[in-house]
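Before any comments, here is the structure.
Bear in mind these aren't lab numbers, they're just calculated from the coordinates by the rules spelled out. As the structure is a prediction and not an experimental result, all values here were calculated from the model. Here the Cβ is made from the backbone with ideal geometry for all residues, glycine too, and neighbour counts use every protein chain on show.
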């Protein structure tokens, strides 16, 4: 339990004795756990971010299969926007509950970024696979200013840096498509 001198986010120093009974765990709301882990994809091992991106691609393929071609771009934009709008508060709640800045199990950020990477991609396996690989590459490498976006507070920093990686992937994807390098 937090005392006036500490908060749930504080960490005891190595020289402080720990109490014999741990404080009760703070849990994020169920909706935040479901959204933040993208229906459990964030529990995948190894590499929960890759599992989150793969789940985003899989659900996009399922949804896009039923869309008319003229709805693919607006559909991807809406998907990315929804993942962002709901993902920021979910990521914030989980990070606060866990006392960490960017919990690995939070993968809604990968979902949002992955969908940005797929905006404008034709509904075919090569562009979708290329979008997946490009996004994961930029998400892992975090070229400037993506790395700096992580410094934004709470869920904003968790999600927005992945949107930046998604924008890099989108740019490269559009160049590849323009020069007909994906078939």
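What to note about this one:
- Between helix 154-178 and the chain: long-axis angle, C-alpha atoms, 0 to 90°, nearest 10: 20
- The chain: relative contact order as a whole-number percent, Cα under 8 Å and 6+ apart: 24
- In degrees, nearest ten, helix 108-117 long axis to first principal axis of the chain (Cα): 20
- Counting every other Cβ atom within 10 Å of each residue's Cβ, 134, 82, 149 order from fewest to most as 82, 149, 134.
- Helix-only [θ]222 nm of the chain, DSSP H runs n ≥ 4, -39500 (n - 2.57) each, per residue, nearest 500: -19000 deg cm²/dmol
- Classified by the C-alpha gyration tensor, the stretch 123-183 has a prolate form. Its axis ratio a/c, with a ≥ b ≥ c, is 1.5 or above, and a/b is larger than b/c.
- The ranking of 126, 105 from fewest to most other beta carbons within 10 Å of each one's beta carbon is 126, 105.
- Virtual paramagnetic centre 7 Å along Cα→Cβ of residue 126, amide N under 20 Å, in the stretch 154-181: 169-181
- Counting beta carbons within 10 Å around each of 118, 30 and listing the fewest first gives the order 30, 118.
- Using the Cβ-Cβ distance between residue 85 and residue 133 with R0 = 30 Å, the FRET efficiency computed as 1/(1 + (r/R0)^6) comes to roughly 0.70.
- Between 0 and 90°, nearest 10: helix 125-141 axis offset from the chain longest Cα axis: 40
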